[in-house]
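The values are calculated or read from the model by the stated rules, or taken from the named source; none is laboratory data. On a predicted model such as this, the values are computed, not experimentally measured, just so you know. With ideal geometry, Cβ positions are generated from the backbone for all residues, glycine too; neighbour counts draw on all protein chains shown.
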Amino acid sequence: MTLRPPNPQAIVVFGASGDLAKKKIIPALYNLAVAGLLPEHYCVIGFSMDDWNDDMFREHAKSSIETYSRMPLDDHVWKPFADSLSFISGTFDDDAALGRLRDALAHADDDLGCNEGRLYYLAVPPGAFPTIVKGLGSIGANTPNARIVIEKPFGDSLDSAKALSAEIHTAFTEPQVFRIDHYLGKETVQNLVVFRFANSIWERVWNRDAVDHVQITVAESIGVEGRAGYYERAGATRDLLQNHMLQVFAFLAMEPPRELEAEAFRDEKVKVLRAVRPIDPADVVRGQYDGYRQEDGVDPKSQTETFVAAKLWVDNWRWDGVPFYMRHGKKLPERNTEIAVYLRQAPDVLFRELELDHIPSNHLTIRVQPDEGISLAFQAKMPGPGYELQTVRMDFDYDRSFTHALAEAYERLLHDAMDGDHTLFTREDGVERAWEIVTPMLERPSPLFFYKQGSWGPSQSDDLIEPHHWHLRTRPAGVHHT
Ligand code: BG6
């Protein structure tokens, strides 16, 4: 499937002077321009409270591209891209600013033939979502051809997610709504679909008969990086587990969709999420890194978790009895997102005299980032007399297998939203089910343990996974994957 340029449209970025726009959205739009994947006719309208004019926005965009873009600034691309940029300064409920937006959109229709095609990107704190939706409705900008992209977190509980959907639906229908989860824009996450469903070897073992347990880890070495205002209320569960991790889980555990089409996909994802038992707080370990409470904007008695580990059970035919362990934390030893699928141990009848505890399990490691790739660990005979076993691996590595660089998640997702493709976006029922799954752990938080920065989190998380071991933790120092 090759991507094509979407239909002409106006792209409006609310929160255009903010961090997300600077680091992700503007560079992604520019990279789409480099790849020829922006519409043939388009304009980008920045909207935020800063007292900027068009030229100041262009300067800002230029420096954001110079600092954060995957592709270098190239005058041939930059010039027309810069010409497409304009800026509206004002609060999101300011009638005068909204009036200017209405005029700018009318120009886009008249001058660029946008035919009321619009993409509204809400790169703003969640508190501002309802105001923007209301403002867009008030100027009639919610045309049938308009689409609205909502950043996570989508609510902070089941009830608030439902209320937010209801507010959005006062102006936009569900097919116009694109709830973004940037993990689904990652190549390695999308590759789960091809890895599982375009190869016959894995399907045979992708079930309770062969799989012993699964581990999903999102380790980050960074801390909250000046985002305490948001993070204090979110914590690791709301910030990552409820969304990115459950979405990755859904791709990993769902049944094959009947076709490569958005609703078929989203139906299967929701179906497997419905089979996940809401997480029992007894199956959760929460941690906070030492020093978190001293960070700017953090309550000195904060109970917010910066680490969470949880055990998930999936009550369906395929996965009954197979634990899925999830682990995420900040200030861990490294940035590493990976999935480890452990198969059942082989019987050791032939090798009993080696007096091994057990024959190490075959396991697949899917390296989502960095060092993207997949490896399969298995036993081999160590050369020499007798039979000594050694774990070796077969390896697929993106760097070695493909020549082109991996696109940034936001590029793919922005393109798909402009093109109206919902496959990689979360549907209302999917978001709500994900909230249901974490509700018990939010309502009855497990005790909070402290951990040293640069460690793998509280030792209680090792107890949670017993009799197994966390995959990344047990890796010998300096070795990249086993
Ligand atoms: C964001 C979270 O959604 O994802 C951040 O709010 C987190 O706290 C980030 O650091 C991780 O994204 P990535 O793509 O760097 O793994």
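Yes/no per residue for (1) in contact (Cβ under 8 Å) with a residue 24 or more places away in the chain; (2) in a strand (DSSP E or B):
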site: 322; (1), (2): yes, no
site: 341; (1), (2): yes, yes
site: 352; (1), (2): no, no
site: 360; (1), (2): yes, no
site: 374; (1), (2): yes, yes
site: 383; (1), (2): no, no
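Residue by residue, here is whether (1) of a type in the set (A, V, I, L, M, F, W, C); (2) modelled with pLDDT under 95 holds:
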site: 227; (1), (2): no, yes
site: 251; (1), (2): yes, no
site: 278; (1), (2): no, no
site: 283; (1), (2): no, no
site: 293; (1), (2): no, no
site: 312; (1), (2): yes, no
Checklist entry - Going through the range 13-53 one residue at a time, which ones are of a type in the set (Phe, Trp, Tyr) and either closer than 21 Å to residue 124 by Cβ or touching a Lys or Arg at 6+ places or on another chain (Cβ under 6 Å) (or both)? => result 14, 30, 47, 52
Checklist entry - Would the range 446-454 turn up any residue that is in contact with a strand residue (DSSP E or B) (Cβ under 7 Å, 6 or more places away or on another chain), part of a loop (DSSP other than H, G, I, E, B) and within 16 Å of the ligand (Cβ to nearest atom)? => result yes
Checklist entry - Could you count how many residues in the range 212-264 are small (Gly, Ala, Ser) and within 12 Å of the ligand (Cβ to nearest atom)? => result 8
Checklist entry - If we scan the range 407-424, do we find a residue that is at pLDDT below 95, over 21 Å from residue 266 (Cβ atoms) and out of contact with any Ser or Thr (no Cβ under 7 Å at 6 or more places or on another chain)? => result yes
Checklist entry - Within the bounds of the range 2-15, is there any residue that is among the small types (Gly, Ala, Ser), over 14 Å from residue 407 (Cα atoms), under 24 Å from the mean Cα position of the chain (by Cα) and surrounded by fewer than 24 Cβ atoms within 10 Å (Cβ to Cβ)? => result yes
Next on the checklist: Within the range 219-237, does at least one residue satisfy the condition of being under 19 Å from residue 344 (Cα atoms), surrounded by 16 or more Cβ atoms within 10 Å (Cβ to Cβ) and in contact (Cβ under 8 Å) with a residue 60 or more places away in the chain?
Outcome noted: no
Checklist entry - Hey, which of the helices (runs of 4 or more DSSP H) in the range 50-119, taking only ones fully inside, have at least 2 residues that are in contact with a helix residue (DSSP H, G or I) (Cβ under 9 Å, 6 or more places away or on another chain), charged (D, E, K, R) and more than 29 Å from residue 179 (Cβ to Cβ)? => result 54-68
Checklist entry - Could you list, in sequence order, the residues of the range 324-339 that are assigned to a loop (DSSP other than H, G, I, E, B) and within 12 Å of the ligand (Cβ to nearest atom)? => result 330, 331, 332, 335
Item to check | All positions within the range 1-18 that are in contact with a Ser or Thr (Cβ under 8 Å, 6 or more places away or on another chain) and assigned to a loop (DSSP other than H, G, I, E, B) | outcome: 15, 16, 17, 18
Checklist entry - Counting only residues that are within 14 Å of the ligand (Cβ to nearest atom) and assigned to a helix (DSSP H, G or I), which one in the range 174-189 is surrounded by the fewest Cβ atoms within 10 Å (Cβ to Cβ)? => result 187
Item to check | Within the range 120-153, considering residues that are closer than 13 Å to residue 167 by Cα and in contact (Cβ under 8 Å) with a residue 60 or more places away in the chain, the one nearest to the ligand (Cβ to nearest atom) | outcome: 128
Next on the checklist: When you check residue 473 against the structure, is it at pLDDT below 95, more than 16 Å from the ligand (Cβ to nearest atom), charged (D, E, K, R) and more than 26 Å from residue 264 (Cβ to Cβ), yes or no?
Outcome noted: yes
Checklist entry - Among (1) surrounded by 14 or more Cβ atoms within 10 Å (Cβ to Cβ); (2) closer than 28 Å to residue 449 by Cβ, where does residue 265 come up short? => result (2)
Checklist entry - So which residues in the range 79-96 are without any contact (Cβ under 8 Å) to a residue 60 or more places away in the chain and either of a type in the set (Ser, Thr, Tyr) or crowded, with 19+ Cβ neighbours inside 10 Å (or both), if there are any at all? => result 81, 82, 84, 85, 86, 88, 89, 90, 91
